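Here the structure comes first, spelled out in C-alpha coordinates, and everything after it is commentary.
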Amino acid sequence: MPDKLDKIIESKKLLLPILTEIQDRDGYISEDNVRQLSKKTKIPLSEIYGVATFYSFLTTKPEGRNIIHICNSPSCYVNGSLNIIEFIEKELGIKSGQTTEDKLFTLHIGSCIGCCDKAPAMLLNGEVHDKLTEKKIKGIIKKCRS
Amino acid sequence: MQILEKSGLEAWKKAKEMKPEKVISLLNKKGLAGRGGACFPAGTKWEFALNSESDKKYVICNADEGEPGTFKDKYIIINNPETLVEGILIACNTIGAKHAYIYLRREYRYLEKNLTKIIKKIIKKADTDIQIDIVLGAGAYICGEETAIIRSIEGRRGQPYYKPPFPAVEGLFGKPTIINNVETLANVPLAIIKDDWNPNLRLFSLSGNLKNPGIYEMPLGTSLKELIALGKPEKSIKAIYFGCAGGCIPFNQEWKIDPEFINSTGCMLGSCTMIAVDESQSIVDIVTIIAKFFEYESCGKCTPCREGSMRILSLLEKISLGYANMDDIKLLEELCCVIRDSSLCGLGQSSTMHILTALKNFREEFEEKCRLR
(Lines give C-alpha, C1' and ligand atoms only; values in the text may rest on other atoms or scores of the structure.)
Protein backbone atom coordinates (compact mmCIF):
# COMPACT_ATOMS: atom_id res chain seq x y z
CA MET A 1 0.00 0.00 0.00
CA PRO A 2 2.59 2.67 0.88
CA ASP A 3 4.24 2.52 -2.55
CA LYS A 4 0.83 3.03 -4.16
CA LEU A 5 0.31 6.15 -2.06
CA ASP A 6 3.70 7.44 -3.20
CA LYS A 7 2.55 7.04 -6.78
CA ILE A 8 -0.65 8.98 -6.16
CA ILE A 9 1.26 11.78 -4.44
CA GLU A 10 3.72 11.99 -7.28
CA SER A 11 1.16 12.01 -10.06
CA LYS A 12 -1.44 14.28 -8.44
CA LYS A 13 0.87 16.67 -6.51
CA LEU A 14 -1.94 18.79 -4.99
CA LEU A 15 -3.76 17.63 -1.87
CA LEU A 16 -7.31 17.84 -3.20
CA PRO A 17 -6.63 15.65 -6.27
CA ILE A 18 -4.64 13.24 -4.05
CA LEU A 19 -7.59 12.84 -1.67
CA THR A 20 -10.00 12.46 -4.59
CA GLU A 21 -7.80 9.70 -6.02
CA ILE A 22 -7.64 7.89 -2.67
CA GLN A 23 -11.41 8.06 -2.38
CA ASP A 24 -11.84 6.79 -5.95
CA ARG A 25 -9.63 3.83 -5.03
CA ASP A 26 -10.96 2.97 -1.57
CA GLY A 27 -14.43 4.49 -1.57
CA TYR A 28 -13.46 6.74 1.36
CA ILE A 29 -10.47 8.38 3.03
CA SER A 30 -9.44 6.24 5.98
CA GLU A 31 -7.68 7.45 9.10
CA ASP A 32 -4.77 5.23 8.19
CA ASN A 33 -4.49 6.91 4.80
CA VAL A 34 -4.61 10.36 6.37
CA ARG A 35 -1.78 9.39 8.76
CA GLN A 36 0.36 7.91 6.01
CA LEU A 37 -0.27 10.89 3.76
CA SER A 38 0.70 13.29 6.53
CA LYS A 39 3.96 11.44 7.12
CA LYS A 40 4.88 11.40 3.46
CA THR A 41 3.86 14.97 2.55
CA LYS A 42 4.78 16.65 5.86
CA ILE A 43 1.35 18.30 5.81
CA PRO A 44 -0.03 18.29 9.37
CA LEU A 45 -2.52 15.54 10.12
CA SER A 46 -5.08 18.08 11.29
CA GLU A 47 -4.89 19.98 8.03
CA ILE A 48 -5.43 16.89 5.87
CA TYR A 49 -8.32 15.82 8.07
CA GLY A 50 -9.69 19.37 7.86
CA VAL A 51 -9.68 19.22 4.08
CA ALA A 52 -11.07 15.67 3.92
CA THR A 53 -14.07 16.73 6.01
CA PHE A 54 -14.68 20.13 4.41
CA TYR A 55 -16.00 19.07 1.02
CA SER A 56 -19.32 17.33 0.53
CA PHE A 57 -18.00 14.83 -2.05
CA LEU A 58 -15.18 13.63 0.20
CA THR A 59 -15.89 11.25 3.05
CA THR A 60 -13.93 9.72 5.90
CA LYS A 61 -16.45 6.92 6.37
CA PRO A 62 -17.21 4.02 4.05
CA GLU A 63 -20.28 4.60 1.89
CA GLY A 64 -22.60 2.43 -0.18
CA ARG A 65 -21.76 1.03 -3.59
CA ASN A 66 -24.19 3.46 -5.23
CA ILE A 67 -24.03 7.08 -4.16
CA ILE A 68 -26.97 9.36 -4.84
CA HIS A 69 -26.61 13.15 -4.73
CA ILE A 70 -30.08 14.55 -5.19
CA CYS A 71 -30.64 18.26 -5.71
CA ASN A 72 -33.08 20.26 -3.64
CA SER A 73 -32.28 23.75 -4.92
CA PRO A 74 -35.10 26.09 -5.99
CA SER A 75 -35.27 24.99 -9.66
CA CYS A 76 -35.66 21.36 -8.63
CA TYR A 77 -37.82 22.25 -5.64
CA VAL A 78 -40.45 24.10 -7.67
CA ASN A 79 -40.54 21.08 -9.98
CA GLY A 80 -41.38 18.67 -7.21
CA SER A 81 -38.00 17.46 -5.93
CA LEU A 82 -39.32 17.14 -2.38
CA ASN A 83 -41.80 14.44 -3.41
CA ILE A 84 -39.06 12.59 -5.27
CA ILE A 85 -36.74 12.81 -2.26
CA GLU A 86 -39.45 11.49 0.06
CA PHE A 87 -40.08 8.65 -2.39
CA ILE A 88 -36.40 7.69 -2.49
CA GLU A 89 -36.16 7.85 1.31
CA LYS A 90 -39.16 5.53 1.56
CA GLU A 91 -37.89 3.11 -1.10
CA LEU A 92 -34.42 2.87 0.44
CA GLY A 93 -35.45 3.28 4.06
CA ILE A 94 -32.73 5.86 4.73
CA LYS A 95 -32.39 9.62 5.23
CA SER A 96 -29.80 12.03 3.83
CA GLY A 97 -26.27 11.08 4.87
CA GLN A 98 -27.20 7.46 5.62
CA THR A 99 -26.24 4.16 3.98
CA THR A 100 -28.56 1.18 3.52
CA GLU A 101 -27.87 -1.90 5.64
CA ASP A 102 -26.94 -3.95 2.58
CA LYS A 103 -24.33 -1.22 1.79
CA LEU A 104 -25.87 -0.78 -1.65
CA PHE A 105 -26.95 2.87 -1.40
CA THR A 106 -25.86 6.11 0.23
CA LEU A 107 -28.16 9.12 -0.05
CA HIS A 108 -27.09 12.76 0.00
CA ILE A 109 -29.53 15.63 -0.37
CA GLY A 110 -27.41 18.45 -1.58
CA SER A 111 -26.90 21.62 -3.52
CA CYS A 112 -27.51 22.40 -7.17
CA ILE A 113 -25.91 20.04 -9.69
CA GLY A 114 -26.45 22.35 -12.66
CA CYS A 115 -29.22 20.37 -14.33
CA CYS A 116 -31.87 22.99 -13.62
CA ASP A 117 -33.31 22.81 -17.13
CA LYS A 118 -34.13 19.15 -16.57
CA ALA A 119 -35.40 19.32 -13.01
CA PRO A 120 -35.72 17.43 -10.76
CA ALA A 121 -32.30 15.85 -11.15
CA MET A 122 -29.72 13.80 -9.30
CA LEU A 123 -26.27 12.31 -9.68
CA LEU A 124 -25.93 8.55 -9.32
CA ASN A 125 -22.24 7.69 -9.00
CA GLY A 126 -21.48 10.96 -10.78
CA GLU A 127 -23.84 10.33 -13.67
CA VAL A 128 -26.82 12.61 -14.31
CA HIS A 129 -30.37 11.30 -14.06
CA ASP A 130 -32.90 14.01 -14.78
CA LYS A 131 -36.61 14.78 -15.19
CA LEU A 132 -37.07 12.36 -12.33
CA THR A 133 -40.39 10.66 -11.68
CA GLU A 134 -41.31 7.96 -9.18
CA LYS A 135 -41.37 5.47 -12.05
CA LYS A 136 -37.84 6.47 -13.13
CA ILE A 137 -36.56 6.19 -9.56
CA LYS A 138 -38.05 2.72 -9.22
CA GLY A 139 -36.29 1.62 -12.42
CA ILE A 140 -32.94 3.10 -11.32
CA ILE A 141 -33.10 1.44 -7.89
CA LYS A 142 -34.14 -1.88 -9.41
CA LYS A 143 -31.21 -1.75 -11.84
CA CYS A 144 -28.76 -1.05 -9.02
CA ARG A 145 -30.15 -3.92 -6.96
CA SER A 146 -29.95 -6.50 -9.74
CA MET B 1 -25.36 32.31 -30.86
CA GLN B 2 -22.31 34.52 -30.48
CA ILE B 3 -20.84 32.33 -27.73
CA LEU B 4 -20.74 29.34 -30.08
CA GLU B 5 -18.65 31.10 -32.70
CA LYS B 6 -15.08 29.86 -33.16
CA SER B 7 -11.82 31.69 -33.53
CA GLY B 8 -9.84 28.65 -34.64
CA LEU B 9 -6.73 30.05 -32.90
CA GLU B 10 -6.84 33.18 -35.08
CA ALA B 11 -7.24 35.30 -31.93
CA TRP B 12 -4.34 33.46 -30.24
CA LYS B 13 -2.10 34.23 -33.23
CA LYS B 14 -3.21 37.85 -33.33
CA ALA B 15 -2.78 38.36 -29.57
CA LYS B 16 0.69 36.79 -29.65
CA GLU B 17 1.82 39.39 -32.16
CA MET B 18 0.51 42.20 -29.96
CA LYS B 19 2.09 43.76 -26.88
CA PRO B 20 0.29 42.67 -23.68
CA GLU B 21 -0.77 46.26 -23.03
CA LYS B 22 -2.40 46.37 -26.45
CA VAL B 23 -4.37 43.17 -25.81
CA ILE B 24 -5.59 44.60 -22.53
CA SER B 25 -6.60 47.93 -24.02
CA LEU B 26 -8.36 46.12 -26.86
CA LEU B 27 -10.42 44.05 -24.40
CA ASN B 28 -11.28 47.16 -22.42
CA LYS B 29 -12.20 49.06 -25.57
CA LYS B 30 -14.45 46.20 -26.64
CA GLY B 31 -16.04 46.27 -23.18
CA LEU B 32 -15.48 42.73 -21.95
CA ALA B 33 -16.91 42.60 -18.42
CA GLY B 34 -16.49 39.64 -16.05
CA ARG B 35 -19.33 37.15 -16.37
CA GLY B 36 -19.02 35.55 -12.97
CA GLY B 37 -21.35 38.15 -11.55
CA ALA B 38 -19.24 41.13 -10.54
CA CYS B 39 -19.02 42.68 -14.05
CA PHE B 40 -15.44 43.84 -13.37
CA PRO B 41 -13.63 44.78 -16.63
CA ALA B 42 -11.57 41.74 -17.59
CA GLY B 43 -8.79 43.82 -19.14
CA THR B 44 -8.27 45.84 -15.96
CA LYS B 45 -7.97 42.68 -13.90
CA TRP B 46 -5.33 41.41 -16.32
CA GLU B 47 -3.51 44.73 -16.15
CA PHE B 48 -3.04 44.40 -12.38
CA ALA B 49 -1.48 40.96 -12.86
CA LEU B 50 0.64 42.14 -15.78
CA ASN B 51 2.07 44.96 -13.65
CA SER B 52 2.84 42.65 -10.72
CA GLU B 53 6.43 41.52 -11.09
CA SER B 54 7.10 37.90 -10.26
CA ASP B 55 8.98 34.82 -11.45
CA LYS B 56 5.72 32.90 -11.67
CA LYS B 57 2.13 33.86 -12.42
CA TYR B 58 -1.05 31.87 -12.71
CA VAL B 59 -4.37 31.93 -14.50
CA ILE B 60 -7.36 30.22 -12.94
CA CYS B 61 -10.46 29.49 -14.97
CA ASN B 62 -13.36 29.43 -12.55
CA ALA B 63 -15.58 26.54 -13.63
CA ASP B 64 -17.03 26.04 -10.16
CA GLU B 65 -20.46 27.08 -11.33
CA GLY B 66 -22.34 26.56 -8.09
CA GLU B 67 -25.03 29.23 -8.03
CA PRO B 68 -28.29 27.30 -7.99
CA GLY B 69 -30.13 27.71 -11.27
CA THR B 70 -26.94 28.40 -13.25
CA PHE B 71 -25.74 26.07 -15.98
CA LYS B 72 -24.30 28.39 -18.63
CA ASP B 73 -20.66 27.46 -18.02
CA LYS B 74 -21.54 23.81 -18.44
CA TYR B 75 -23.14 24.78 -21.76
CA ILE B 76 -19.91 26.46 -22.90
CA ILE B 77 -17.67 23.60 -21.74
CA ILE B 78 -19.83 21.16 -23.70
CA ASN B 79 -20.45 23.26 -26.80
CA ASN B 80 -17.39 25.46 -27.29
CA PRO B 81 -14.46 24.17 -25.20
CA GLU B 82 -11.93 25.03 -27.94
CA THR B 83 -12.64 28.76 -27.65
CA LEU B 84 -12.54 28.57 -23.85
CA VAL B 85 -9.09 26.92 -23.91
CA GLU B 86 -7.90 29.47 -26.46
CA GLY B 87 -9.08 32.24 -24.11
CA ILE B 88 -7.07 30.71 -21.26
CA LEU B 89 -3.96 30.58 -23.45
CA ILE B 90 -4.40 34.23 -24.43
CA ALA B 91 -4.81 35.19 -20.76
CA CYS B 92 -1.61 33.32 -19.84
CA ASN B 93 0.35 34.85 -22.68
CA THR B 94 -0.87 38.36 -21.89
CA ILE B 95 0.01 38.44 -18.20
CA GLY B 96 3.09 36.23 -18.56
CA ALA B 97 1.84 33.03 -16.93
CA LYS B 98 3.11 29.60 -17.90
CA HIS B 99 0.57 27.63 -15.93
CA ALA B 100 -3.21 27.70 -15.77
CA TYR B 101 -5.74 25.73 -13.76
CA ILE B 102 -9.33 25.02 -14.64
CA TYR B 103 -11.17 24.55 -11.36
CA LEU B 104 -14.00 22.28 -12.45
CA ARG B 105 -16.80 21.66 -9.99
CA ARG B 106 -17.09 18.08 -8.87
CA GLU B 107 -20.71 17.86 -10.00
CA TYR B 108 -19.40 18.30 -13.60
CA ARG B 109 -16.83 15.52 -13.40
CA TYR B 110 -18.36 13.90 -16.46
CA LEU B 111 -17.06 16.83 -18.52
CA GLU B 112 -13.45 16.26 -17.46
CA LYS B 113 -12.49 13.63 -20.02
CA ASN B 114 -13.50 15.57 -23.10
CA LEU B 115 -12.14 18.85 -21.75
CA THR B 116 -8.75 17.18 -21.13
CA LYS B 117 -8.72 15.99 -24.72
CA ILE B 118 -9.54 19.47 -26.05
CA ILE B 119 -6.83 21.07 -23.89
CA LYS B 120 -4.23 18.70 -25.33
CA LYS B 121 -5.43 19.32 -28.87
CA ILE B 122 -5.48 23.12 -28.62
CA ILE B 123 -2.10 23.34 -26.85
CA LYS B 124 -0.55 21.20 -29.56
CA LYS B 125 -2.14 23.26 -32.32
CA ALA B 126 -1.13 26.54 -30.67
CA ASP B 127 2.42 25.21 -30.33
CA THR B 128 2.95 26.61 -26.84
CA ASP B 129 4.62 25.41 -23.65
CA ILE B 130 1.81 26.80 -21.47
CA GLN B 131 0.43 24.12 -19.20
CA ILE B 132 -3.28 23.83 -18.39
CA ASP B 133 -4.39 21.45 -15.63
CA ILE B 134 -7.88 20.61 -14.52
CA VAL B 135 -8.36 20.59 -10.76
CA LEU B 136 -11.56 18.88 -9.76
CA GLY B 137 -13.48 20.48 -6.92
CA ALA B 138 -15.00 18.29 -4.25
CA GLY B 139 -18.39 19.84 -3.64
CA ALA B 140 -18.36 23.28 -2.02
CA TYR B 141 -20.38 26.28 -3.21
CA ILE B 142 -17.94 28.66 -1.52
CA CYS B 143 -15.15 27.60 -3.89
CA GLY B 144 -16.61 29.83 -6.58
CA GLU B 145 -15.34 32.75 -4.47
CA GLU B 146 -11.93 33.74 -5.79
CA THR B 147 -9.89 33.55 -2.61
CA ALA B 148 -11.57 30.25 -1.64
CA ILE B 149 -10.72 28.78 -5.05
CA ILE B 150 -7.09 29.69 -4.42
CA ARG B 151 -7.10 27.96 -1.04
CA SER B 152 -8.81 24.93 -2.52
CA ILE B 153 -6.24 24.48 -5.31
CA GLU B 154 -3.45 24.95 -2.76
CA GLY B 155 -4.90 21.96 -0.93
CA ARG B 156 -6.55 23.70 1.96
CA ARG B 157 -10.11 24.10 3.16
CA GLY B 158 -11.91 26.30 0.65
CA GLN B 159 -12.33 29.24 2.98
CA PRO B 160 -12.06 32.86 1.78
CA TYR B 161 -9.61 35.37 3.24
CA TYR B 162 -9.54 39.11 3.56
CA LYS B 163 -8.44 41.20 0.61
CA PRO B 164 -6.03 42.95 0.05
CA PRO B 165 -3.70 41.53 -1.02
CA PHE B 166 -5.73 40.96 -4.16
CA PRO B 167 -5.06 37.77 -6.13
CA ALA B 168 -3.63 39.79 -9.05
CA VAL B 169 -0.83 40.86 -6.69
CA GLU B 170 -0.57 37.85 -4.40
CA GLY B 171 -2.72 34.88 -5.30
CA LEU B 172 -2.17 31.17 -5.91
CA PHE B 173 0.94 29.94 -4.03
CA GLY B 174 1.59 33.62 -3.23
CA LYS B 175 2.05 34.53 -6.91
CA PRO B 176 0.10 37.03 -9.05
CA THR B 177 -3.02 35.27 -10.30
CA ILE B 178 -6.02 36.14 -12.39
CA ILE B 179 -9.26 34.30 -11.87
CA ASN B 180 -11.82 34.55 -14.63
CA ASN B 181 -15.16 32.89 -15.18
CA VAL B 182 -15.63 30.37 -18.03
CA GLU B 183 -17.92 32.70 -19.97
CA THR B 184 -15.45 35.59 -19.67
CA LEU B 185 -12.53 33.54 -20.97
CA ALA B 186 -14.58 32.00 -23.80
CA ASN B 187 -15.45 35.51 -24.94
CA VAL B 188 -11.82 36.67 -25.03
CA PRO B 189 -10.91 35.16 -28.43
CA LEU B 190 -14.23 36.29 -29.91
CA ALA B 191 -13.77 39.86 -28.64
CA ILE B 192 -10.27 39.95 -30.11
CA ILE B 193 -11.06 38.54 -33.53
CA LYS B 194 -14.68 39.51 -34.35
CA ASP B 195 -15.36 43.07 -35.43
CA ASP B 196 -19.05 42.75 -34.67
CA TRP B 197 -18.59 41.13 -31.23
CA ASN B 198 -21.37 42.39 -28.96
CA PRO B 199 -20.36 43.01 -25.31
CA ASN B 200 -23.99 43.14 -24.18
CA LEU B 201 -24.98 39.60 -25.08
CA ARG B 202 -25.35 37.35 -22.05
CA LEU B 203 -26.15 33.71 -21.49
CA PHE B 204 -29.29 33.50 -19.39
CA SER B 205 -29.90 30.28 -17.46
CA LEU B 206 -33.68 29.97 -17.38
CA SER B 207 -35.30 27.41 -15.12
CA GLY B 208 -38.11 26.93 -12.64
CA ASN B 209 -41.79 26.69 -13.54
CA LEU B 210 -41.20 26.80 -17.28
CA LYS B 211 -42.02 24.42 -20.10
CA ASN B 212 -38.91 25.35 -22.09
CA PRO B 213 -36.12 26.04 -19.62
CA GLY B 214 -32.60 26.32 -20.98
CA ILE B 215 -29.78 28.63 -22.01
CA TYR B 216 -30.83 31.70 -23.97
CA GLU B 217 -28.44 34.31 -25.35
CA MET B 218 -30.00 37.75 -25.15
CA PRO B 219 -28.69 41.33 -24.81
CA LEU B 220 -28.81 43.19 -21.51
CA GLY B 221 -31.78 45.53 -21.59
CA THR B 222 -34.20 42.85 -22.78
CA SER B 223 -37.56 43.05 -20.99
CA LEU B 224 -38.46 40.43 -18.41
CA LYS B 225 -41.59 39.69 -20.44
CA GLU B 226 -39.61 38.83 -23.56
CA LEU B 227 -37.07 36.69 -21.74
CA ILE B 228 -39.49 34.71 -19.64
CA ALA B 229 -41.72 34.17 -22.69
CA LEU B 230 -38.83 32.21 -24.22
CA GLY B 231 -39.15 29.73 -21.36
CA LYS B 232 -42.88 29.27 -22.07
CA PRO B 233 -44.46 29.43 -18.62
CA GLU B 234 -47.69 27.46 -18.30
CA LYS B 235 -49.09 29.23 -15.26
CA SER B 236 -48.85 32.87 -14.32
CA ILE B 237 -45.37 33.72 -13.01
CA LYS B 238 -45.22 35.37 -9.60
CA ALA B 239 -41.53 35.91 -8.89
CA ILE B 240 -38.12 35.73 -10.50
CA TYR B 241 -35.14 34.54 -8.45
CA PHE B 242 -31.63 35.52 -9.53
CA GLY B 243 -30.22 32.25 -8.26
CA CYS B 244 -30.09 31.87 -4.48
CA ALA B 245 -27.74 34.79 -3.79
CA GLY B 246 -29.29 37.39 -6.10
CA GLY B 247 -32.65 37.92 -4.42
CA CYS B 248 -36.10 37.95 -5.95
CA ILE B 249 -38.37 40.42 -7.73
CA PRO B 250 -42.04 40.31 -8.59
CA PHE B 251 -42.60 39.43 -12.23
CA ASN B 252 -43.09 42.93 -13.56
CA GLN B 253 -43.26 42.38 -17.30
CA GLU B 254 -42.09 45.81 -18.35
CA TRP B 255 -38.92 45.80 -16.27
CA LYS B 256 -35.69 45.62 -18.19
CA ILE B 257 -32.90 43.23 -17.37
CA ASP B 258 -30.09 45.63 -16.75
CA PRO B 259 -27.56 45.17 -13.92
CA GLU B 260 -27.96 48.71 -12.59
CA PHE B 261 -31.73 48.57 -12.62
CA ILE B 262 -31.76 45.15 -10.94
CA ASN B 263 -29.41 46.57 -8.28
CA SER B 264 -31.89 49.39 -7.67
CA THR B 265 -34.54 46.80 -6.75
CA GLY B 266 -32.24 45.46 -4.01
CA CYS B 267 -31.26 42.43 -6.11
CA MET B 268 -28.21 41.37 -8.07
CA LEU B 269 -28.31 40.13 -11.66
CA GLY B 270 -25.07 38.22 -10.99
CA SER B 271 -24.40 35.55 -13.58
CA CYS B 272 -27.78 36.01 -15.32
CA THR B 273 -29.55 33.18 -13.56
CA MET B 274 -33.32 33.36 -13.57
CA ILE B 275 -35.58 30.96 -11.75
CA ALA B 276 -39.22 31.59 -12.59
CA VAL B 277 -41.64 30.81 -9.79
CA ASP B 278 -45.36 30.52 -10.53
CA GLU B 279 -48.39 31.45 -8.47
CA SER B 280 -48.84 27.93 -7.10
CA GLN B 281 -45.62 28.20 -5.08
CA SER B 282 -45.21 29.57 -1.58
CA ILE B 283 -42.49 32.21 -1.28
CA VAL B 284 -42.01 31.33 2.40
CA ASP B 285 -41.24 27.73 1.45
CA ILE B 286 -38.77 28.78 -1.23
CA VAL B 287 -37.08 31.21 1.15
CA THR B 288 -36.74 28.36 3.65
CA ILE B 289 -35.23 26.02 1.04
CA ILE B 290 -32.71 28.70 0.09
CA ALA B 291 -31.87 29.41 3.74
CA LYS B 292 -31.17 25.71 4.16
CA PHE B 293 -28.80 25.91 1.21
CA PHE B 294 -26.83 28.77 2.78
CA GLU B 295 -26.76 27.09 6.17
CA TYR B 296 -25.33 23.97 4.49
CA GLU B 297 -22.82 25.84 2.33
CA SER B 298 -21.52 28.37 4.86
CA CYS B 299 -17.80 27.59 5.12
CA GLY B 300 -17.80 28.22 8.87
CA LYS B 301 -14.97 30.73 8.97
CA CYS B 302 -16.74 33.91 10.08
CA THR B 303 -19.28 34.03 12.90
CA PRO B 304 -22.10 36.08 11.32
CA CYS B 305 -22.49 33.66 8.42
CA ARG B 306 -21.82 30.42 10.33
CA GLU B 307 -24.06 31.13 13.32
CA GLY B 308 -26.43 33.52 11.57
CA SER B 309 -27.36 31.11 8.81
CA MET B 310 -28.43 28.57 11.44
CA ARG B 311 -30.53 31.13 13.33
CA ILE B 312 -32.09 32.34 10.09
CA LEU B 313 -33.05 28.81 9.14
CA SER B 314 -34.64 28.04 12.49
CA LEU B 315 -36.60 31.32 12.39
CA LEU B 316 -37.84 30.55 8.90
CA GLU B 317 -38.83 27.02 9.83
CA LYS B 318 -40.77 28.49 12.73
CA ILE B 319 -42.51 30.92 10.36
CA SER B 320 -43.22 28.35 7.68
CA LEU B 321 -44.70 25.90 10.18
CA GLY B 322 -46.97 28.64 11.49
CA TYR B 323 -45.43 28.90 14.97
CA ALA B 324 -44.15 32.47 14.63
CA ASN B 325 -45.58 35.88 15.39
CA MET B 326 -45.01 39.31 13.86
CA ASP B 327 -42.05 40.01 16.15
CA ASP B 328 -40.25 37.05 14.58
CA ILE B 329 -40.50 38.73 11.18
CA LYS B 330 -38.88 41.86 12.63
CA LEU B 331 -36.16 39.78 14.25
CA LEU B 332 -35.60 37.94 10.96
CA GLU B 333 -35.23 41.20 9.09
CA GLU B 334 -32.78 42.61 11.63
CA LEU B 335 -30.68 39.46 11.63
CA CYS B 336 -30.57 39.50 7.81
CA CYS B 337 -29.15 43.03 7.87
CA VAL B 338 -26.50 42.11 10.46
CA ILE B 339 -25.34 39.10 8.43
CA ARG B 340 -25.28 41.18 5.24
CA ASP B 341 -23.24 43.93 6.85
CA SER B 342 -20.76 41.89 8.89
CA SER B 343 -19.92 38.70 6.96
CA LEU B 344 -16.42 38.23 5.63
CA CYS B 345 -17.10 37.31 2.02
CA GLY B 346 -19.67 37.60 -0.73
CA LEU B 347 -21.39 34.37 0.28
CA GLY B 348 -22.36 35.61 3.71
CA GLN B 349 -23.03 39.16 2.55
CA SER B 350 -25.43 38.00 -0.14
CA SER B 351 -26.90 35.08 1.79
CA THR B 352 -29.82 37.07 3.16
CA MET B 353 -30.59 39.13 0.06
CA HIS B 354 -33.23 36.61 -0.96
CA ILE B 355 -34.99 37.06 2.40
CA LEU B 356 -34.80 40.85 2.47
CA THR B 357 -36.15 41.10 -1.07
CA ALA B 358 -38.85 38.50 -0.37
CA LEU B 359 -39.88 40.48 2.71
CA LYS B 360 -39.97 43.62 0.59
CA ASN B 361 -41.93 42.13 -2.30
CA PHE B 362 -44.00 39.33 -0.76
CA ARG B 363 -44.29 40.38 2.88
CA GLU B 364 -47.97 39.48 3.07
CA GLU B 365 -47.08 35.79 2.57
CA PHE B 366 -44.91 35.89 5.69
CA GLU B 367 -47.48 37.83 7.68
CA GLU B 368 -50.22 35.43 6.69
CA LYS B 369 -48.21 32.55 8.15
CA CYS B 370 -47.83 34.49 11.40
CA ARG B 371 -51.48 35.42 11.55
CA LEU B 372 -52.37 31.74 11.79
CA ARG B 373 -50.90 31.83 15.23
Starting from a Cα-only point model with no solvent, please compute log10 I(q)/I(0) by Debye for the protein assembly as shown at q = 0.09, 0.12, 0.13 1/Å.
-0.65, -1.18, -1.38
Can you list, largest first and rounded to whole Å, the semi-axes you get for chain B by taking the square root of 5 times each eigenvalue of its Cα gyration tensor?
38, 23, 17
Given pairs B:74/B:232; B:57/B:292; A:118/B:56 and cut-off 32 Å on Cα-Cα distance, the over-length ones are B:57/B:292; A:118/B:56
Run down the lysines and flag those whose C-alpha is under 16 Å from the C-alpha of residue B:120, throwing out any fewer than 8 positions away in its chain.
B:98
For the stretch B:316-340 and the stretch B:203-221, distance of Cα centres in Å:
32 Å
With a Cα-only, solvent-free Debye model of the stretch B:283-371, what are the log10 I(q)/I(0) values at q = 0.16, 0.19, 0.20, 0.21 Å⁻¹?
-0.53, -0.75, -0.83, -0.91
Area hidden from solvent between B and A (accessible, protein heavy atoms only, 1.4 Å, total, Å²)
3200 Å²
Placing one identical point scatterer on every Cα of chain A and ignoring solvent, what is log10 I(q)/I(0) from the Debye formula at q = 0.20 Å⁻¹?
-1.10
Cross-link partners of residue B:113 among aspartates and glutamates (Cα-Cα below 19 Å; sequence separation of 8 or more within a chain)
A:21, A:24, A:127, B:64, B:65, B:73, B:82, B:86, B:133
Excluding ligands and nucleic acids, what accessible area in Å² is computed for residue B:27 using a 1.4 Å probe, to the nearest 10?
0 Å²
Using a/c under 1.5 as the rounded threshold, could you call the stretch A:2-52 rounded, prolate or oblate? The axes a ≥ b ≥ c are square roots of the C-alpha gyration tensor eigenvalues, and prolate needs a/b larger than b/c, oblate otherwise.
rounded
For the stretch B:5-123, the Rg and Dmax computed from alpha carbons only, in angstrom
14.4, 40
With both partners inside chain B, how many of the DSSP beta bridges are antiparallel, as a percent to the nearest 5?
40 percent
Flagged links, alpha-carbon separation over 32 Å, of A:12/B:163; A:136/B:256; B:72/B:235; B:16/B:301
A:136/B:256; B:16/B:301
Pull up the DSSP beta bridges for the stretch B:2-193 and report the antiparallel fraction as a percent, rounded to 5.
5 percent
Send over the per residue convex hull volume for the stretch A:66-145, Cα only, as a whole number of Å³.
73 Å³
Taking N as the number of residues in the stretch B:216-319, what is its Cα Rg relative to 2.2 N^0.38 Å?
1.19
Using the Kirkwood radius over Cα pairs of the stretch B:274-324, the Stokes-Einstein translational diffusion coefficient at 25 °C and 0.890 mPa s, in µm²/s and rounded to a whole number, is 208 µm²/s
What is the antiparallel percent of DSSP beta bridges lying wholly in the protein assembly as shown, to the nearest 5?
45 percent
Taking the protein assembly as shown and counting helices only, DSSP H stretches of n ≥ 4 at -39,500 (n - 2.57) each over all residues, the nearest-500 ellipticity at 222 nm comes to -14000 deg cm²/dmol
Take the alpha carbon atoms of the stretch B:227-287, find their center, do the same for the stretch A:70-88, and report the distance between the two centers in whole angstrom.
20 Å
So, for the stretch B:201-278, what is the accessible surface per residue at a probe of 1.4 Å, expressed in square angstrom?
35 Å²
Calculate what fraction, in whole %, of the accessible area of the protein assembly as shown sits on carbon and sulfur atoms when a 1.4 Å probe is rolled over the protein chains.
50 percent
Measure of size requested: the Rg and Dmax of the stretch B:1-53, with Cα atoms as the atom set and Å as the unit; please supply both.
12.3, 39
Using the alpha-carbon atoms, what tilt in degrees (0 to 90, nearest 10) does helix B:112-126 show relative to the longest principal axis of chain B?
30 degrees
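The values are calculated or read from the model by the stated rules, or taken from the named source; none is laboratory data. Quick caveat: nothing in here was measured; it's all calculated off a predicted structure. Quick note on the areas: whole protein, heavy atoms, side chains included, nothing else; ligands and nucleic acids left out. Shrake-Rupley method; radii C 1.70, N 1.55, O 1.52, S 1.80 Å.
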